[in-house]
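For reference, the structure is listed below as structure tokens.
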Amino acid sequence: MKKALITGITGQDGSYLSELLLDKGYEVHGLVRRVSVSTYERLLHLINREGQDKLPLYLHDSDLGSTGSLINVVKDVQPDEIYNLASQSNVGTSFKVPEYTANVTGMGTLRLLEAVRHNGLKTKFYQASTSELYGKIRETPQTEETPFHPRSPYAVAKLYSYWIIINYRESYNMFACNGILFNHESPRRGEDFVTRKITKAVARIKNGLQKKLYLGNLDAKRDWGHAREYVEGMWLMLQQDEPDDFVLATGEIHSVREFLEHAFGHVGLNYQDYVEIDPKLYRPAEVDLLIGSPEKAKKKLGWIPKITFKDLVVEMVEADMKEVSR
């Protein structure tokens, strides 16, 4: 039985990846930070299985800020694969806590790589990279060869992670890959991200629990896919004979305004009646357009996204409608 270690296991991608790996017969281990409030909501359906065989899912207290704890967990688990998904991943928040973002999102990757190297393991390593690396874009669509120009402390920290992965791959012959993932959403998306902020507000407004939704730049354009499909791409990268870096994207572009139109329209509302612009929600340096080319992933990994933008929006709205009604 293969063993996988996932950082950020309690997040959107971590929960979907856990499901995928468990279905494939893996023993799954996850790192969790010790906090006073439970963060296991996305994993409860995997942990609480009364009357069924217990799933091989194990959680370990650790933190990307602690080299010693990472070395110990990696030594104890001896994972065949590591998926480093943990980070301070909110772009807006990164402007408010840039030092913390750099420490976790950037240096955390180095600490985890060192934990593998220190223990002398041949573990395959997946690094969650991001389309935010492109920032002030140089070409459209963006590919694996497009130059980076990060526009936030989060993106700069991720750029360090991107290059330290390549450095360890070339210096120590580690099987280490970067997945440059464009925006991927789901009903499990955190409520501080704009897509989930919108669908949650739609459900609350439709049920009379909220009157207005305040947003920033409605004309920002993004390449949006479904997280469930993107975690399969992560897994496929570590099943190759040689390590490489891949863009995962749909190759389609939609604006925040389009997202609003579909989300509010699904419940028979006009977003213009409820959405107001709050200048405080604009970022110090905006990223106006991101659209990726998935051609390399299609050709080498056989990865093809199938869930459409509209179906993604509807799924998220329906999930929040059910949650609000409860």
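General remarks:
- Residues located in the stretch 225-241, provided they are among the hydrophobic types (A, V, I, L, M, F, W, C) and open to solvent by less than 10 Å² (accessible area, probe 1.4 Å): A227, V231, M234, M237, L238
- Restricting the stretch 259-310 to residues that are among the basic types (K, R) and either open to solvent by less than 60 Å² (accessible area, probe 1.4 Å) or in contact with a strand residue (DSSP E or B) (Cβ under 8 Å, 6 or more places away or on another chain) (or both), the residue that is nearest to T140 (Cα to Cα): K296
- Some residue of the stretch 31-47 being modelled with pLDDT of 90 or more and either not in a helix (DSSP H, G or I) or not polar (S, T, N, Q) (or both): yes
Condition check ((1) touching a Leu at 6+ places or on another chain (Cβ under 7 Å); (2) within 21 Å of S293 (Cα to Cα); (3) among the polar types (S, T, N, Q)) across all residues:
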{"residue": "H184", "(1), (2), (3)": "no, yes, no"}
{"residue": "T199", "(1), (2), (3)": "no, no, yes"}
{"residue": "A203", "(1), (2), (3)": "no, no, no"}
{"residue": "G216", "(1), (2), (3)": "yes, no, no"}
{"residue": "G265", "(1), (2), (3)": "no, no, no"}
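- Any helices (runs of 4 or more DSSP H) falling wholly within the stretch 63-173 and containing at least 3 residues that are without any contact (Cβ under 8 Å) to a residue 24 or more places away in the chain and surrounded by fewer than 20 Cβ atoms within 10 Å (Cβ to Cβ): 67-77, 153-172
- Some residue of the stretch 303-314 being among the charged types (D, E, K, R) and at pLDDT below 95: no
- Verdict on G14 being modelled with pLDDT of 85 or more, in a helix (DSSP H, G or I) and open to solvent by less than 20 Å² (accessible area, probe 1.4 Å): yes
- Of all residues in the stretch 203-229 being touching a Pro at 6+ places or on another chain (Cβ under 9 Å) and not in a loop (DSSP other than H, G, I, E, B), the one that is nearest to I304 (Cα to Cα): E229
- Per-region count, the stretch 266-300, residues small (G, A, S) and more than 30 Å from N178 (Cβ to Cβ): 1
- All positions within the stretch 174-201 that are among the small types (G, A, S) and surrounded by fewer than 20 Cβ atoms within 10 Å (Cβ to Cβ): G190
- Evaluating K212 against the criteria (1) touching an Asp or Glu at 6+ places or on another chain (Cβ under 7 Å); (2) crowded, with 20+ Cβ neighbours inside 10 Å; (3) among the charged types (D, E, K, R) leaves one unmet condition, (2).
- Among (1) over 22 Å from S161 (Cβ atoms); (2) open to solvent by 20 Å² or more (accessible area, probe 1.4 Å), the one test that L218 misses: (2)
The values are calculated or read from the model by the stated rules, or taken from the named source; none is laboratory data. Bear in mind that the values here come from a model prediction, so they are computed numbers and not experimental data. For neighbour counting, all protein chains shown are included, and Cβ atoms are generated from backbone atoms with ideal geometry for every residue, glycine included. Note: accessible area is taken over every heavy atom of the protein model, side chains too, but ligands, DNA and RNA are not part of it. Shrake-Rupley method; radii C 1.70, N 1.55, O 1.52, S 1.80 Å.
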